[in-house]
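Just below is one structure, and these are the notes that go with it.
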Amino acid sequence: MEQRHLGRTGLRVSRIGLGTLTWGRDTDEHDAADLLKTFWEAGGTLVDTADVYGNGEAEYLLGRLMDGLVPRRDLVISTKAGSVPDPDRRFDGSRGHLLAALDASLARLGTDYVDLWHIHAFDPATPLEETLQALDLAVGSGRARYAGVSNFCGWQLAKAATWQLAAPGTRTRLASTQMEYSLLQRGVEREVLPAAIDLGIGLLPSSPLGRGVLTGKYRDGVPADSRGASDHLAPFVEPYLDDTAGRIVDAVTTAADGLAVTPLQVSLAWVRDRPGVTAPIVGARNARQLTAALSVEALSLPDEICRALDDVSAPVHRYPDHDWSTL
């Protein structure tokens, strides 16, 4: 699998990442082992997790698998901290919480360091410089090699990245930002992606298949074995089952038929090769699904297909994103 530099850093990662959102909850140890081995054998390196996935079970399971199945040195492990199970405070970006969460992640993963550590979300109740200092301390102590953020909007990302760049050699520059991005969700193109490109931050798209909808599996209803039929994941899928999404899925399916590939391959290739994107993070329920996603490695979409998909999925971005004189 092709490797790409993560933002303006020396870290190289596979251009498709493996997500572990369901590990330890819907994905058991046997399936997780098959997924990790399949990914590794295909040349994949970037494995993404978080301290809250499966209430910590995803990290624990990944750590067990690294112990005997896949060499730790062959993987780029990314995890996150900052989300908390508190209805009154969903995110805790305090220095104390973040550093304690990192120590707990390392213990579950059974490793001395993570390659990439993300702040899971912006915490408006904590001064941003305090949150960012946790990144500096983590990298300075060797517990994290690189750092980034996740789910920061445009101004939050720009402010955080600029703060870090203001003291080169002292503060840790942001390597990445993880955001949802797909043909069904192009909101990052409004401000986040331009900021990331300008500041040398690599984008790691989550849900690059539109929460599974872009595979076409929901065109004729909700399959009984799909995430859309799951009690806890149905609300996650439902927003992308409207008429607008349906038109985009139809266009993807038409393109796939013309290229003799699958809608999954078309959707994943589109987002993988967008400007500013380093590596989409793919979550799969089993090795068969993952193998189907990894088969996109050999596919590059023709320019005319990309333009057609751009047009059918184009979000409405006007003032101030476009030059006011052209409106």
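The values are calculated or read from the model by the stated rules, or taken from the named source; none is laboratory data. Because the structure is predicted, anything quoted here is derived from the model rather than measured. As a convention, Cβ positions derive from the backbone with ideal geometry for all residues, glycine included, and neighbour counts pool all protein chains shown. Please note that ligands, DNA and RNA were not included when accessible areas were found on the heavy atoms of the full protein model with its side chains. Shrake-Rupley method; radii C 1.70, N 1.55, O 1.52, S 1.80 Å.
Restricting R190, R219, R173 to residues that are open to solvent by 40 Å² or more (accessible area, probe 1.4 Å) and free of Cβ contacts under 8 Å to residues at least 40 places away in the same chain narrows the list to R219.
Out of all the residues in the range 28-54, which are among the hydrophobic types (A, V, I, L, M, F, W, C) and either within 25 Å of G148 (Cα to Cα) or surrounded by 19 or more Cβ atoms within 10 Å (Cβ to Cβ) (or both)? Scanning the range 28-54 gives A32, L35, L36, F39, W40, L46, V47, A50, V52.
The set of residues from the range 55-65 being open to solvent by 20 Å² or more (accessible area, probe 1.4 Å) and out of contact with any Pro (no Cβ under 9 Å at 6 or more places or on another chain) comprises E57, Y60, R64. The criterion of at least 2 residues that are at pLDDT 90 or above is met by the following helices (runs of 4 or more DSSP H) wholly inside the range 186-259: 192-199, 243-259. Return the only residue of A144, A101 being crowded, with 18+ Cβ neighbours inside 10 Å, within 20 Å of G169 (Cα to Cα) and not charged (D, E, K, R). The unique qualifying residue is A144. Of D86, D74, D115, all but one fail to be among the acidic types (D, E) and free of Cβ contacts under 8 Å to residues at least 24 places away in the same chain; the exception is D86. The C-beta contact set for the range 143-167 (first residue outside any helix (DSSP H, G or I), second residue open to solvent by 10 Å² or more (accessible area, probe 1.4 Å) and among the acidic types (D, E), distance under 9 angstrom, 6+ apart or interchain) comprises R143/D103; R143/D112; A144/D115; R145/D115; Y146/D115; A147/D136; N151/E180; C153/E191. Residues in the range 239-264 that are of a type in the set (S, T, N, Q) and either open to solvent by 30 Å² or more (accessible area, probe 1.4 Å) or closer than 25 Å to R190 by Cβ (or both): T244, T254, T262.
For A161, the conditions (1) modelled with pLDDT under 95; (2) crowded, with 16+ Cβ neighbours inside 10 Å are fulfilled apart from (1). Pairing residues of the range 2-25 that are at positive phi and touching a residue at least 40 places away in the same chain (Cβ under 8 Å) with residues that are part of a strand (DSSP E or B) and small (G, A, S), at Cβ distances under 7 Å and at least 6 apart in sequence or on separate chains, gives G7/S176; G7/G202. Among the residues making up the range 81-98, those that are surrounded by 13 or more Cβ atoms within 10 Å (Cβ to Cβ) and either under 20 Å from T49 (Cα atoms) or not basic (K, R) (or both) are A81, G82, S83, V84, R90, F91, D92, G93, S94, H97, L98.
Looking at the range 303-320, which of the residues that are assigned to a loop (DSSP other than H, G, I, E, B) and in contact with a helix residue (DSSP H, G or I) (Cβ under 8 Å, 6 or more places away or on another chain) is modelled with the highest pLDDT? Across the range 303-320, the extreme among qualifying residues is P315. Is it the case that the range 272-283 has a residue that's out of contact with any Leu (no Cβ under 6 Å at 6 or more places or on another chain), without any contact (Cβ under 8 Å) to a residue 40 or more places away in the chain and within 27 Å of T177 (Cβ to Cβ)? The answer is yes; a qualifying residue exists. Got at least one residue in the range 108-125 being assigned to a helix (DSSP H, G or I), within 19 Å of I281 (Cβ to Cβ) and either hydrophobic (A, V, I, L, M, F, W, C) or at pLDDT 95 or above (or both)? Scanning the range 108-125 turns up at least one residue that is assigned to a helix (DSSP H, G or I), within 19 Å of I281 (Cβ to Cβ) and either hydrophobic (A, V, I, L, M, F, W, C) or at pLDDT 95 or above (or both).
Return the only residue of L102, L135 being touching a residue at least 12 places away in the same chain (Cβ under 8 Å) and either over 23 Å from the mean Cα position of the chain (by Cα) or under 21 Å from T9 (Cα atoms) (or both). Only one candidate qualifies: L135.
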